[in-house]
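This report refers to the structure that appears directly beneath it.
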Amino acid sequence: MARKLLPWLSTPLILVAFVVLWDVFVRVNDIDELVLPRPLTVWHSLVEVVQKPATWEHARITGTETVGGFLIALACGVAVGVVLGKVRWMERGLRPLIVASQVVPKVALVPLFVIWFGFGMTSKVIMSAMLAFFPIMLNVQLGVRSVEAGQRDVMRSLDASRWQTFKHLELKSTMPYAFAGMEVGIVFAIIGTIVGEYLGGNEGLGYLVVRTLNDLDAPALFAVIILLSALGLLLYFIVNGLKRFFIPWHESVYSQLDVNR
Amino acid sequence: MSTRDTLASVLGVRDLPLPASAAKLELIGVGKEFRTKRAHTHALSDISLTIDDGEFVSVIGQSGCGKTTLLRMLAGLLSPSAGQILVEGRSLWQGSTVDSSVVSQLGVVFQEANLFPWYSVAENIALPLRLRGDSKRDRQDRARELAELVGLTGFEKSYPRELSGGMRQRVAIARALAIRPKLLLMDEPFGALDALTRERMNVELQRIRLATNATVVFVTHDITEAVFLGDRVVHLTPRPGRIRQIRSIGFERPRGIDVQTEPEFGAIVRELRHALQDEED
């Protein structure tokens, strides 16, 4: 019981300590609020920013772009991952290309996307999909390969059809890998969206970061960063919640649920 | 082609058994060769054996003597290169394709329990029935019945991760028994368990087998286990795997664990152990 409560106690405590240290640091060193505002100033700015309807419109756009990009990455990542996991020769043939395209710093492509797809949402969706695609695809591929030989033998000795083997074994045993990829993927998707918004367009929380920077409004900048983090947390917890729902039997879930074991 | 030729030559030597024979399982000149680019291994050669209804046959031998290969061929997982395997007079293999109507009458227990962690104990036990299309009601009833048989009453809703190694293996046995198999094949099912659990599982297996009247082929490298459980013990020698001797074990059933302290039991174990050690020279 005590161990179950631990994160609920430790997290706020660490946050409070962090904020207090931050405040002390600014006051003791007499730092200009243009460089590092005091927590209370940020709080006031946050309250102000949150009350503006325009902020929510920006947040909605960033959220839509991220979720859109993530869903595209999920669909493509699962499809490509399953094919590459199943068809050995295809994986061997495409491996150099896959490695190469992973190594390319994809963020550097944003200006190209702006040229091709304009300053609207499309270029951001594509950026976020590109970043989220690889972790999902690679994990699904690994998952498809990692179906245990012994469990396959069980299905074969039960004279299971291909569909039955897929439904009862392959699908279930690949799911934890897919969720591991999705947890990384959703974080990457947000990064893709924000970088896209930094570099082009006039909407979204990423754009708001750039604008508050240009205004030299450090407290507002902090406020927007906090909003972005909140959006990231929200999306991550949605994916995590889906994982708990779909694979409650998996170690990564039940070890979270009952730490006392 | 070559498989057919070999088959024909083997069948030429022996008469075809009649389907009505009492034999549950019949192996006629069964052999297996593995061919790869680099190596050519003769794993099993000319294995002929007849197992009667309700009989418990243990197969022993050093590691690498082909016992697992033999069992995988019986289970329909690996095709023999020569000979014929008949289950109640029906051929299991047609060349390298397996007759699925025969396979679906076998129950197999592997060294690892190989349970599905996403299913509960009851769902794991009833999986073969689910694949066969039995109703939910029937599956639940049968799962409860089998859980009781293997001593897992009260654990039906548990998940494999909550069970000990011995309990998982009990679930695997229950799963293999779900379809009331004509033949139960076991490949070192207790090999991964500690000595005490293993001993208890041996007694349990004997009880389960007497209760279900199943015919069992039991592969192990543990001589005591083989003698304790078997009506007959088949001793395989390696490279290529051949039957060296078949020893009948006459102790009354049910056998208590104390049978192992009887002088005759010790003598049989010693005899088999010497035979196994001889091959090393």
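The values are calculated or read from the model by the stated rules, or taken from the named source; none is laboratory data. Treat the numbers as computed from the prediction; the structure is a model and nothing was measured. Please note: Cβ atoms are built from the backbone with ideal geometry, for glycine as well, and neighbour counts cover all protein chains shown. With ligands, DNA and RNA removed, areas are computed over all heavy atoms of the protein, side chains included. Shrake-Rupley method; radii C 1.70, N 1.55, O 1.52, S 1.80 Å.
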Inter-part gap, Cα centre of segment A:37-79 to Cα centre of segment B:209-273, in whole angstrom, is 70 Å
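How high is the FRET efficiency from B:Ser96 to A:Lys4, r the C-beta distance, R0 51 Å, rounded to 0.05?
Numbers: r = 56 Å, r/R0 = 1.09.
The calculated FRET efficiency here is 0.35.
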Checking B:Arg132, B:Arg209, B:Arg242 against a Gaussian network model of chain B (alpha-carbon springs below 10 Å), the top fluctuating residue turns out to be B:Arg132
For segment B:70-159, one quarter of the surface area of the C-alpha convex hull, expressed in nm², comes to 7.1 nm²
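Sorting check: for B:112-121, A:226-235, which peptide has the highest mean count of neighbouring beta carbons within 10 Å, and how do the rest follow? Display every interim value, and only then the final one.
Details: B:112-121: 21.7, A:226-235: 15.2.
Per-residue Cβ counts within 10 Å, averaged per peptide and sorted highest first, yield B:112-121, A:226-235.
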With Cα springs under 10 Å, the Gaussian network model of chain B assigns the largest mean-square fluctuation among B:Val259, B:Val219, B:Val234 to B:Val259
To the nearest 0.05, the calculated FRET efficiency linking A:Leu234 and A:Tyr198 through their beta-carbon distance, R0 being 25 Å, is 0.75
Taking the dipole of segment B:214-277 about the Cα centre (Lys, Arg +1; Asp, Glu -1; charges at Cβ), the one of B:Gly256, B:Gly241, B:Thr215 that reaches farthest to the positive side is B:Gly241
Ordering A:His58, A:His250, B:His221 by the accessible surface of their heavy atoms, 1.4 Å probe, largest first, yields B:His221, A:His250, A:His58
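Of the DSSP beta bridges with both residues in the protein assembly as shown, give the percent that are antiparallel, rounding to the nearest 5.
Numbers: 24 of 41 bridges.
For the protein assembly as shown, the DSSP antiparallel bridge percentage is about 60.
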Using the Cα gyration tensor of segment A:134-190, the equivalent ellipsoid's semi-axes, largest first and to the nearest Å, work out to 28, 9, 7
The Cα extents of segment B:46-122 along the principal axes, largest first and rounded to whole Å, are 41, 33, 27
Per residue of B:104-117, other chain Cβ atoms within 10 Å number on average 4
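About the Cα centre of chain A, what is the dipole size in debye to 20, counting +1 per Lys and Arg Cβ and -1 per Asp and Glu Cβ, all else neutral? Don't skip to the end; give the middle numbers.
On the way: 22 positive and 19 negative charges, 254 e Å.
Charge dipole, chain A, about its Cα centre: 1220 debye, nearest 20.
When you have a sec, figure out the Kirkwood radius of chain A from all distinct Cα pair distances and drop it here in Å to one decimal? The partial results should precede the final answer.
Details: mean 1/r = 0.0472 Å⁻¹.
About 21.2 Å for chain A.
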The correct ranking of B:Thr237, B:Thr215 by accessible area at 1.4 Å, largest first, is B:Thr237, B:Thr215
The ratio Rg/Rh over the Cα atoms of segment B:161-218, Rh being the Kirkwood inverse mean 1/r radius, stands at 0.95
Taking only the alpha-carbon positions of segment A:1-131 as identical scatterers, the Debye log10 I(q)/I(0) at q = 0.13 Å⁻¹ comes out as -0.93
Relative to the compact-globule estimate 2.2 N^0.38 Å (N residues), the Cα gyration radius of segment B:117-189 stands at a ratio of 1.01
Given Cβ charges of +1 for Lys and Arg and -1 for Asp and Glu, the option among A:Thr64, A:His44, A:Pro248 whose Cα lies farthest towards the positive end of the dipole of chain A is A:Pro248
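Run the helix sum for chain A: -39,500 (n - 2.57) per DSSP H stretch of 4+ residues, divided by residue count, reported at 222 nm to the nearest 500 deg cm²/dmol.
Numbers: 12 runs with 212 residues, N = 261.
Estimated from H runs of four or more residues: -27500 deg cm²/dmol.
Kindly give Rg over Rh for segment A:185-236, based on alpha-carbon atoms, with the Kirkwood expression for the hydrodynamic radius. It would help to have the intermediate numbers written out before the result.
Values: Rg = 10.9 Å, Rh = 11.1 Å.
Ratio value, two decimals: 0.98.
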Semi-axes (Å, rounded, descending) of the ellipsoid equivalent to chain B per its C-alpha gyration tensor are 30, 25, 18
Heavy-atom accessible area of segment A:92-164 with neighbours in place, 1.4 angstrom probe: carbon+sulfur share in percent works out to 69 percent
Heavy-atom accessible area per residue of segment A:89-129, all protein chains kept, 1.4 Å probe, expressed in Å², is 63 Å²
Expressed in nanometres to one decimal, the distance between label points 7 Å along Cα→Cβ at B:Arg180 and B:Ile246 is 2.8 nm
Once all protein chains are kept in place, A:Ile72 shows an accessible area at probe 1.4 Å, nearest 10 Å², of 80 Å²
In debye to the nearest 20, the charge dipole size for segment A:1-58, taken about the Cα centre with +1 at each Lys and Arg Cβ and -1 at each Asp and Glu Cβ, equals 440 debye
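Quick one: what do you get for segment A:142-235 if you divide its Cα Rg by 2.2 N^0.38 Å? Walk me through the intermediate numbers first.
Numbers: Rg = 22.4 Å, N = 94, 2.2 N^0.38 = 12.4 Å.
Against the empirical 2.2 N^0.38 Å value, I get 1.81 for segment A:142-235.
Given +1 on the Cβ of Lys and Arg, -1 on the Cβ of Asp and Glu, and no further charges, what dipole in debye does segment B:32-147 carry about its Cα centre, rounded to the nearest 20? Numbers along the way, then the final one.
Details: 14 positive and 13 negative charges, 116 e Å.
Roughly 560 debye, rounded to the nearest 20.
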From the Cα centre of segment B:75-148 to that of segment A:182-237, the distance in Å is 55 Å
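Using a Förster distance of 22 Å, how high is the FRET efficiency between A:Val103 and A:Glu57, based on the Cβ-Cβ distance and rounded to 0.05? Provide the component values of the computation, followed by the final result.
On the way: r = 37 Å, r/R0 = 1.67.
Here the calculated transfer efficiency is 0.05.
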Taking segment B:107-159, the whole-percent share of alpha-carbon pairs separated by over 17 angstrom is 35 percent
Computed from every Cα-Cα pair in segment B:151-281, P(r) in 5 Å bins starting at 0 and rounded to whole percents is 2, 9, 19, 20, 20, 14, 9, 4, 2, 0, 0
Sequence order, segment B:169-178: Karplus ³J(HN,Hα) from phi using 6.51 cos²θ - 1.76 cosθ + 1.60, θ = phi - 60°, Hz rounded, Gly and Pro as x, gives 5, 4, 4, 4, 5, 4, 4, 5, 7, 4
The simple spin-label model distance between A:Met90 and B:Ala195, using points 7 Å out along Cα→Cβ, in nm, is 5.3 nm
Per GNM of chain B with C-alpha springs under 10 angstrom, the most fluctuating residue out of B:Ser248, B:Ser79, B:Ser135 is B:Ser135
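Arrange the peptides A:31-41, B:137-147 so that the one whose residues have, on average, the most other Cβ atoms within 10 Å appears first. Mind dumping the intermediate values first?
Details: A:31-41: 13.9, B:137-147: 17.4.
In descending order of packing, they fall as B:137-147, A:31-41.
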Quick calc: nm separation of the 7 Å Cα→Cβ label points for A:Ser252 and B:Arg273 -> 4.9 nm
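Per residue, how much space in cubic angstrom lies within the convex hull of the C-alpha atoms of segment B:211-255?
Numbers: hull volume 3.7 nm³, N = 45.
Per residue, the Cα convex hull of segment B:211-255 comes to 82 Å³.
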Interface B-A: total buried accessible area (1.4 Å probe, Å², nearest 100) of 2000 Å²
For the protein assembly as shown, using Cα atoms only, the Rg and Dmax in Å read 32.2, 103
Over all viewing directions the Cα convex hull of segment B:16-171 casts an average projected area in nm² of 11.7 nm²
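Which whole number gives the average, over all residues in A:218-228, of C-beta atoms from other chains lying within 10 Å of the residue C-beta? Please report the intermediate quantities before stating the final value.
Values: counts 0, 0, 0, 0, 0, 0, 0, 0, 0, 0, 0.
So the per-residue partner count for this stretch is 0.
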Karplus ³J(HN,Hα) for segment A:104-109 (6.51 cos²θ - 1.76 cosθ + 1.60, θ = phi - 60°; Hz, whole; x = Gly/Pro) runs 4, x, 5, 4, 5, 7
